Every structure is written in C-alpha cells, then in structure tokens.
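Below is one structure, written out as structure tokens; the observations come after it.
The values are calculated or read from the model by the stated rules, or taken from the named source; none is laboratory data. Remember, predicted model here, so these are calculated numbers, not experimental data. For neighbour counting, all protein chains shown are included, and Cβ atoms are generated from backbone atoms with ideal geometry for every residue, glycine included.
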Amino acid sequence: MIKSHYPVLPLVLLSVIFVDFQRTFADDGLSRRWVYVQTNLQVTENADRLEEILRRAKVAGYNGMLLADYKLNVLDRVTDNYFTNARRIRELCDGLGMELVPAIGAFGYSAGILAHDPNLAEGLPVREMPMVVRDGRVELAAPQENMIPGTFEEYRDHRFVGWNFQDEPGSGTFVDRQTKHGGAASLRIENPPGVHGNRRVNKKLTVRPFGQYHASVWIKSEEFDSANDVRMFAIGEDGRILSHTYLEVKPDQDWTQHHIVFNSLESKEVLFYLGVWDGHGGKLWLDDARVVEEPFVNLVRRAACPLVVTNADGTIHYEEGRDFAPLHDPQLGNVPYAGEYTIWHTPPQLTLLPGSRIRDRQELKVSYYHTVIVHDGQVCCSLSDPKVFAILADQVRRIDEVFSPRTWMLSHDEIRVANWSADDERSGKSAGLLLADNVKRSIEIIRKQSPKAQVCVWSDMFDPHHNARDKYYLVRGDLSGSWEGLPPEVTIINWNHGQAAKSLPFFGQRGHRQILAGYYDHSPDAIRGWLSQSTAEDHIDGVMYTTWRSNFKNLEAFARAAWGASAEP
C-alpha cells in the first residue's frame, strides 16, 4: 500500500480521463508529453514515490517518462530487488499507457561507463616532463617549490606583495594578523554593509607547456553569503580557463584545504586566480596558497594514453616492468566508489627496479596522460576507445531485457573534456567529427539490439548555437559538425531556451523532430513562451517536464501551461 496525499485512481478511470484530455487537446501537436525522472529503483521507497508521480502525470495528460537511473549503467551489479522494482514500474507504465524511455550512454557525465573501467577517462597529455634520479628516487628535475612566493606573509598596508593584482585592498580585502592558518597573516575578504563585488588576487606564473600542476589553499568562512562563488583557477595564454573544479566552500567552515589540478596545455604562462566573484556579506579567509608541478595525479593508463619514459635526448625508451615498476594510480576512479574521482590525492611514484638501465643522477623525459574533474565531480570518458562501445552494447542489451523500450535516450550532454588521447590526435579528426562518429556508432549499437527502436538525444552537443563550437571547456578543437552523426529520424531533446530562435530552426531544417525540455526548476509557465516561438517547420513533437531537483510540485501547472490540462492531484 502506498502512503500518499494523492488519490490512487483505478486504471479504467485514468484511461477515461486521459481519453477526454486527448479529445480536448488533440490539436496541440504535442504527441509526446513526457516527465523526466531521476531516481534509483534499487530503493523500494523510490519506486513507491515514482508510482505516485506517474499516476499524477497520467491524470494531467502526460504520456511518457524519461527514466534517468544510474543503476541502468550497472545492471550487472544490482541486486534482485532492483529487477523487482523495475518490473513493477514497467507494468505500471504499460497499464497507464505511458511510454518508458531509458537514458543510456553516459557520455559527458561518464561515471556509469567509468565504473566499469576508470582508465577509460579522457586524459590530458603531459609531454616530456623533465625528471631526474636522485639517490635512487625519480623526482622532478626542478625542485618542487611554491610558485607563489610569500603567499600572504609579505604585505604593505593591506596590499600583499608577490601577487600581480588585488581587488580593493583595505576596503574589501585585508591583511589579518589575528585569524590565520599558518605564518603571521592571512587574506580576509569582508565587505562593508550593503557593498558587494569581486574580491580576488591573481598571479602570473611561468609554466611548462603540457605540464600537470596542483594548486591548494586553506579557507575559513563565517556567515559568508557567497560561498558558492569562491573560485581558484588558471587561465591560459589563449584565454582558455584551464581548471573548472568547484571548491565547494561552505558558508561557515573552519580552516579547510581545497585543491584543484590543471594542465597548462599549450601555455608557457598562466594567470592564476583566487578569491570570490561578486562577494556579499560575511567573512572569508584565505591562507597558505600553493601552486606546484605535481605529476601522476589521476594517471590514466590505456593503449591510447601511453606512458613513455626516455633518456634526456629521447634516444632510449625504458621499459615498464624491466627498468621501472608498473605505474598505476590505485585511487583513480575508485573513491569513494567505482566511477568516482577525487580532485587530488597523493599520487603514485615512478620507482626503479633492480637491474634497471636507468642510473643515479640520470635525467629523464616522462610523458603520460591524466584526467581532471570538472565542476562538482564530472569526469568525461573517451569518445573513441573500443571498450567504451563494448560497455555501451552490454548496457543496451541488459536494459532491453528489463524494459524492452520502444524509444531510447542517448545521454550525450556537456562533454567538456575530449579529443586528447594519442589515437584521437593521430586520427586527425576534428572534435566535431569525433563526436559525430561516436553518436553514430551509439545509435548503431541500439539499433542492432532493437532494430525498430526510436532514438532521442540531448541537443547541446550538436547545436552550433550552444555547445557544438570551438574552445568548449577542455575539448581539443572545434565541435562544429558533430550534428552530422545524427540521422534525421533521431529526435532532439532541446534545452536551448535562450537561443530558441536559432536552435529550433537549425534542427528543424535538418529534419529532426524536437521535444522541448522545459521547466528546469523555474516557472512552469515559461514553456508557453517557448512554444509560441516555434513554427511548424521546427517540428515540435512534444514537451518534457524537466527537473534536476526531483521537484514535481509543478507537474500539473506545467501541463496546464503546455497543453491546457486542468487536472489537479
């Protein structure tokens, strides 16, 4: 028995109500009226809640659910309880006449693929890093010294020495000799009442191109309103931001060390930023900032991301297992569980073996690949490694056995690191062509399992007015042309509301039908304005109530705005 504030209506009555809605709204052209649900069907209580949502959705005129369940990626590892709950939800959808559309293909947010092999993460290259053997230890050739001299220990009045720039010294940023983590002083950020603005320091750093760097800082806060806007990152010479990791500072916290790891890519100089953007009330302290070159953090090992160790002039290639011990990062993609990566951890060390041809005081050049974390834990997988497609094929087969869906959703979305592996570089393909090949093959995998299947995909990575462009995050090259991998029969789940006047015609003219992903935890009425911007040539086939916070309070209000349903829970 489901405990609910909403009536559990008999399926016969629901069918009568829905037929009435179909007659009332037959001319709206929205044949697909979906609801997006993120859940975990391993938990029976989640299945109970999902049943409530589906019954409400049916009454309001919805006819489909896009199911985003991480467990769909790891059906080889779930317990029998999962299949019991999944079967229950499938039977409910069948009885309600609501299509169940599973989300598959975790390209972009790739934990569901990387749980099967963390070394499938896309790697950024470190090239010919100088190392040297000292007393049997392989170390960086240059001493690992802090690249920010003095940090917050040297100052004149309230201006810190050693930084190239400081916002509002003495009025928004201060020397604090009372509250500090180490040394004699810290930087305090505090605004007068009613004042807000950027409160940052920056420093130009000389770096080695394609080097791996670790930055850290200790942070303390007190009733700090803008904790989510505290940032630490590096900008390359071409203006590209090289690190996109969220620090996840809390409004109130004691001294806590925060980390980022970045690759310098082509840059010989980077501009290192630390502080808060548009800071408001409260206090924030920064201390003991540090930037060093640090190799092998989140080291990626696979054939397309080789580890190469040579002598100084590159004439001798040393062998793993003969000259040095096998090198792997045991924490890669395994903390706190499979498929999840930490921003920084103590990296593995390159260790010589007895009988090695490498001698003490010998200079080396080491090349390898490492992955990076974007925002709050996002890691992207390779777009081309054969094992990625083998994993996808296995996932599709298992999902088909559970749900036998008529329509599948490909989760190509916000792919922020791509096209760096040795194989990808050797192919000469643009990032756009690489992604086009990937999505084409993904569709083929689905169609091989289910020849009559319909396929949908998020819009952003195939939209030149959104993310299919040059210099997108840490993607190497231009993503233009990615849309060439989509046959016209693929339906686009379009979430580019801000560029609707350009985005909708772009896909419509290519023959794609489109579903508008509306709501996004804002006003449910906004979908009405979006629909009003569309034309018949845009081929709008439906709308989807899309919530990222599992907030279904506006499910009925969205339906009223989109197609006029008047049902209440």
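Quick notes on this one:
- Listed by position, the strands (runs of 3 or more DSSP E) contained in segment 107-213 that have at least 2 residues being over 30 Å from Thr371 (Cβ atoms) and touching a residue at least 24 places away in the same chain (Cβ under 8 Å) are 173-176, 186-190, 197-206.
- Flag for Asn467 being modelled with pLDDT of 95 or more, within 15 Å of Met409 (Cα to Cα) and crowded, with 19+ Cβ neighbours inside 10 Å: no
- Applying a threshold of 8 Å to beta carbon distances and a minimum spacing of six or more residues, or different chains, the list of pairs starting in segment 259-287 at a residue that is assigned by TED's automatic domain parsing to the domain that holds Tyr246 and part of a strand (DSSP E or B) and ending at one that is polar (S, T, N, Q) and modelled with pLDDT under 95 reads Gly279/Asn191; Asp287/Thr151.
To keep it simple, each residue is scored yes or no on (1) at pLDDT 95 or above; (2) of a type outside the set (A, V, I, L, M, F, W, C).
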| residue | (1), (2) |
| --- | --- |
| Asp478 | yes, yes |
| Leu486 | yes, no |
| Ile492 | yes, no |
| Gly498 | yes, yes |
| Ala501 | yes, no |
| Val543 | yes, no |
| Asn551 | yes, yes |
| Asn554 | yes, yes |
| Glu568 | no, yes |
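- Matching residues, segment 453-464, being in a strand (DSSP E or B) and either surrounded by fewer than 21 Cβ atoms within 10 Å (Cβ to Cβ) or more than 16 Å from the chain's Cα centre (by Cα) (or both): Gln454, Val455, Cys456, Val457
- Test: residue in segment 364-378 that is of a type in the set (Lys, Arg) and farther than 25 Å from Asn419 by Cβ: no
- Residue satisfying all of: in segment 288-301; in a loop (DSSP other than H, G, I, E, B) and among the hydrophobic types (A, V, I, L, M, F, W, C); farthest from Leu327 (Cα to Cα) among these: Val297
So that you can scan it fast, the table gives a plain yes or no per residue for (1) in contact with an Asp or Glu (Cβ under 7 Å, 6 or more places away or on another chain); (2) at pLDDT 95 or above:
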| position | (1), (2) |
| --- | --- |
| Gly162 | yes, no |
| Gly170 | yes, yes |
| Phe174 | yes, yes |
| His181 | yes, yes |
| Glu190 | no, yes |
| Val201 | no, yes |
| Thr206 | yes, yes |
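- Contact annotation: residue pairs with Cβ atoms under 8 Å, 6 or more positions apart or on different chains, pairing a residue in segment 524-545 that is in the same structural domain as Tyr62 (by TED's automatic domain parsing) and on the phi > 0 side of the Ramachandran plot with a partner that is part of a helix (DSSP H, G or I) and at pLDDT 95 or above, are His539/Phe507; His539/Gly508.
- Restricting segment 307-327 to residues that are touching a residue at least 40 places away in the same chain (Cβ under 8 Å) and either touching a helix residue (DSSP H, G or I) at 6+ places or on another chain (Cβ under 6 Å) or of a type in the set (Gly, Ala, Ser) (or both), the residue that is nearest to Gly136 (Cα to Cα): Ala312
- Close pairs from segment 395-406: first in the same structural domain as Val101 (by TED's automatic domain parsing) and assigned to a loop (DSSP other than H, G, I, E, B), partner surrounded by 17 or more Cβ atoms within 10 Å (Cβ to Cβ) and of a type in the set (Val, Ile, Thr), Cβ under 8 Å, at least 6 apart: Pro405/Val101; Pro405/Ile399
- Matching residues in segment 507-522 - criterion: being over 21 Å from Arg560 (Cβ atoms) and either of a type in the set (D, E, K, R) or surrounded by fewer than 23 Cβ atoms within 10 Å (Cβ to Cβ) (or both): Gly508, Gln509, Arg510, Gly511, Arg513
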